[in-house]
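What follows is a set of notes on a single structure, which appears directly below.
The values are calculated or read from the model by the stated rules, or taken from the named source; none is laboratory data. This structure is a prediction, so every number in the text was calculated from the model and none was measured. Here the Cβ is made from the backbone with ideal geometry for all residues, glycine too, and neighbour counts use every protein chain on show. The accessibility values were calculated without ligands, DNA or RNA, using every heavy atom of the protein model including side chains. Shrake-Rupley method; radii C 1.70, N 1.55, O 1.52, S 1.80 Å.
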Amino acid sequence: MLVGHDWGGWIGHLLALRAPERFSAFLALNIIHPWQTPTGMLPHLWRFYYQPLIAFFGERLQRDTEFVYRAIRSGLFDRSRVAREDVRWFSERFRDPVCARAGRDTYRTFLLQEFPAAVRHGETRRSSVPTRAVFGVSDAALHWSLASPSTARADDYELELIPDCGHFIVDELPALVRERLIAVVGEFPVG
C-alpha cells in the first residue's frame, strides 16, 4: 500500500509506474497524475506561478521571509481547521538551510528537467496499481481536473472530489483521509 500527498503523491505515481509489483494500491492526495498533455495543462499554468519563485529564489524566500507560512495558510480552504501555531511550526522547518536548499532544488529540477521532458515526451506507461485519488476541490495550486480519470492511463483509477477543502487535505480533514486510507486497505488487502 502506498499513500502520498503533493510531491509525495507525484513520486507515488512514478513509483507505481516503475515498480507496480511492490504496491497493492495507491492513495493519491491532492496531486495531479502524470498523464498530462500540453493542451490540458495550458489553462492551468498560471497556478504554478510559485514554482519559478522557489526554483530560483527559494533558498532566500524560505529562510528569510514568511513565504512558506503564507503559502500554507493560503492553501487552506478553512483556516480554522489548522491552528496558526501548527502552520508556524511546520513552516519554520523550511528556514533550515538544508531544507531550504532541498526545496529549491526539488522545484529547480522539476522545472528545468522533468517538466520539459514530460512536455516533449509525455508519460506513456499505463498504471496497473489500483489508484484512489482524493482531491480538495478548492486547491488553488493544483486543479482537480488534472487528476481526472478520463485522462488517466490506468487500469483502475477513481477520483473523489472533496468540497470545501483546499490543498492541504491531510491537515484540514485528517479523519476523512484516515477513512479513505482504511477503505483502500480494506478494498486491496496486502496479502
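About the Cα centre, and with charges only on the beta carbon of Lys, Arg (+1) and Asp, Glu (-1), how big is the dipole of the range 117-181? Nearest 20 debye, please. Dipole magnitude for the range 117-181 comes out near 380 debye.
The ellipsoid that matches the Cα gyration tensor of the range 1-124 has semi-axes, each √(5λ) in whole angstrom, of 26, 19, 15, with the longest given first. For the peptides 76-88, 141-153, the ranking by mean Cβ contacts within 10 Å, running from highest to lowest, is 141-153, 76-88. If you put +1 on each Lys and Arg Cβ and -1 on each Asp and Glu Cβ, how big is the dipole of the range 1-160 around its Cα centre, in Debye rounded to 20? Dipole magnitude for the range 1-160 comes out near 360 debye. Residue ranking by accessible heavy-atom surface, 1.4 Å probe, largest first, among V68, V185 comes out as V185, V68. Label separation (S24 vs A175): 2.6 nm, computed from points 7 Å beyond Cα along the C-beta direction. For I162, the solvent-accessible surface with a 1.4 Å probe is about 10 Å², rounded to the nearest 10. Across the options L181, H167, F115, the greatest Cα extent toward the positive end of the charge dipole of the range 57-191 (unit charges at beta carbon of Lys, Arg, Asp, Glu) belongs to F115. Multiplying the residue separation of F90 and S74 by 0.36 nm and subtracting their alpha-carbon distance yields 4.3 nm. A 1.4 Å probe run over the range 124-191, with the rest of the protein chains in place, finds 50 Å² accessible per residue. Averaged over residues, the count of other Cβ atoms within 10 Å places the peptides 51-57, 129-135 in the sequence 129-135, 51-57, highest first. Across every pair of non-identical alpha carbons in the range 36-191, the mean reciprocal distance, once inverted, gives a Kirkwood radius of 17.5 Å. Between amide H atoms placed 1.01 Å from N, distances below 5 Å from I162 occur with F135, G136, V137, all of them 5 or more places distant or on a separate chain. Taking 0.36 nm per residue of separation and subtracting the current Cα-Cα distance, fully stretching the chain between S150 and R120 would add 8.7 nm.
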